[in-house]
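Worksheet: one structure, shown below.
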Amino acid sequence: MSVYLGIDIGGTAVKIGLVDENNRILCSETRSVNFDGYQTPIMTTVIALAREMLAQAPEQPVGIGVSATGQIDVHTGTVIGVGANFGDWLGCGIRTLLEDAFSLPVTVINDANAAALGEQTCGSARGKSNVLVVTIGTGVGGGIIENGRLIQGVRGIGGEIGHYSIRFDGEPCPCGSRGCFERYASTGALVRTFTGDPELLDVLGVHPEDVNGKVIFEHLDHPAVFAAVDRWMDHIAYGITGLVHIFNPEIVLIGGGISREEDRFIRPLREKILSRVMPRFGEVLEVEVAGLSNNAGLLGACAYLRSVYPDL
Ligand SMILES: [Zn+2]
């Protein structure tokens, strides 16, 4: 049975694991990539950790699948765009560096797109062909699978639903546009609502730097907190409703740390979305939690490798 090396590179950490043909993770390890403020190039850390893992592996991989943060040109395996630059990430030739180091076939894909493929291959969207994955975190990430295939666009950087504008006169976004979905629908946006409002902050009873989704949800019994969270969920629901009308998915998966709140987040969000989509869209639509959490990138990266190199 073949095994694959999966690598999931984020802005703060890298996760590396050996994955078999049945999508089982045989071993995995996580390491910081900014332990010295990015003095050490990210790929130096990645290659060192991969070498350590392969030196102890019972079986050597036949290929390397990478999931990486940023806009990734899938044809060259290079980082061609970043939200906020860090280290030497912009322009980093991920694929070439790994091919040179390990002499194996390498594919590189954006992490949100990898997560969507992971969910479709072995997560909550297994067996489904029309899938929308929305990851709610500091920003909003997404992946769209249509008729069984990931929508990538001409350079492989499609599916950036966080930067689809829901308000032309809305908040400026670091991407250069205004009113982007993630300016309203991310956990980061919810946190900004609370840190910018002295009365809400007073209800939480914490310093602005300690406000996070978990703290906010702990105070949901307070009417003002509930109202602010409900408005935030309205933004998420309206954005997803628009996407449902465009793509007609059979399932929408919600990922990110806040998606663990089944009763207080997923259930009301599901109700909001289903009450707003046009009836024929809603009849076939499920709204569920993304199931793979931290392993979605790793597993999706290996699924993508196998779709590009089916003979491995
Ligand atoms: Zn934007």
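The values are calculated or read from the model by the stated rules, or taken from the named source; none is laboratory data. The shown structure was predicted, so the numbers you read here are calculated from the model rather than taken from an experiment. Cβ coordinates were reconstructed from backbone atoms using ideal geometry, including for glycine residues, and neighbour counts include every protein chain displayed. Accessible surface is based on the protein model in full, side chains and every heavy atom, while ligands, DNA and RNA are left aside. Shrake-Rupley method; radii C 1.70, N 1.55, O 1.52, S 1.80 Å.
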Length-normalised contact order for segment 147-220 - Cα pairs under 8 Å, 6+ apart - percent | 17 percent
Translational diffusion coefficient (Stokes-Einstein; Kirkwood radius from C-alpha pairs) of segment 155-214 at 20 °C, 1.002 mPa s, in µm²/s = 167 µm²/s
List the relative contact order of segment 64-222 as a percent without decimals, with contacts defined as Cα pairs under 8 Å and 6+ residues apart.
-> 15 percent
Ranked highest first by average number of other Cβ atoms within 10 Å, how do 133-146, 186-199, 162-175 line up?
-> 133-146, 186-199, 162-175
Segment 52-204: antiparallel DSSP beta bridges as a percent of all, rounded to 5 | 75 percent
The answer for segment 3-110, accessible area per residue at 1.4 Å probe in Å², is 42 Å²
Evaluate the charge dipole of segment 3-110 about its Cα centre and quote only its size in Debye, nearest 20, assuming +1 on the Cβ of each Lys and Arg and -1 on the Cβ of each Asp and Glu.
-> 120 debye
For labels at THR12 and ASN248 in the simple 7 Å Cα→Cβ model, what's the distance in nm?
-> 4.2 nm
ARG267 versus THR40: modelled label distance in nm, points set 7 Å from Cα along the beta carbon direction | 4.6 nm
Which length gain, in nm to one decimal place, applies between ARG155 and VAL215 when the Cα-Cα distance is subtracted from 0.36 nm times their residue separation?
-> 17.7 nm
The size of the Cβ-based charge dipole (Lys, Arg +1; Asp, Glu -1) of segment 124-291 about the Cα centre, to the nearest 20 debye, is 720 debye
Enumerate the helices in the chain for which the Kyte-Doolittle hydropathy averages 1.0 or more and the C-alpha atoms extend at least 30 Å along the helix's axis, using complete DSSP H runs.
-> none
Burial-style ranking of 63-75, 235-247, 281-293, average other-beta-carbon count within 10 Å with highest first, yields 63-75, 235-247, 281-293
Quick calc, LEU26 & ASN294: beta-carbon distance into FRET formula, R0 22 Å, rounding 0.05, result 0.85
Dipole of the chain [Lys/Arg +1, Asp/Glu -1 at C-beta], most positive-end residue of ILE25, SER2, VAL206 | SER2
Eligible aspartates and glutamates near LYS15 by straight Cα distance, threshold 14 Å, same-chain separation 8 or greater | GLU29, GLU52, ASP111
Which residues in segment 137-178 have a backbone N closer than 15 Å to a point placed 7 Å from the Cα of LEU90 along the Cα-to-Cβ line?
-> 174-177
Given q = 0.21, 0.22, 0.27, 0.28 Å⁻¹, what are the Debye log10 I(q)/I(0) values for segment 220-261, with equal point scatterers placed on the Cα positions and solvent ignored?
-> -0.80, -0.84, -1.00, -1.02
Mind ordering 111-123, 32-44 by average Cβ neighbours within 10 Å, highest first?
-> 111-123, 32-44
Calculated [θ] (222 nm, deg cm²/dmol) that DSSP helices of n ≥ 4 give over the chain, each run adding -39,500 (n - 2.57) | -11000 deg cm²/dmol
Rg to Rh quotient for the chain, alpha carbon positions, Kirkwood Rh = 0.98
So, in nm, how far is label HIS75 from label GLU146 when the simple model puts each one 7 Å beyond its Cα toward the Cβ?
-> 2.0 nm
Taking R0 as 35 Å, what's the FRET efficiency between ASP197 and SER275 from their Cβ-Cβ distance, rounded to 0.05?
-> 0.80
Divide, for segment 3-110, the radius of gyration over alpha carbons by 2.2 N^0.38 Å, where N is the residue count.
-> 1.01
Where the Cα pairs of segment 124-291 fall when distances are cut into 5 Å bins, in % = 2, 9, 18, 21, 20, 15, 9, 5, 2, 0
With contacts defined as alpha carbon pairs under 8 Å and 6 or more residues apart, what's the relative contact order of the chain in percent?
-> 20 percent
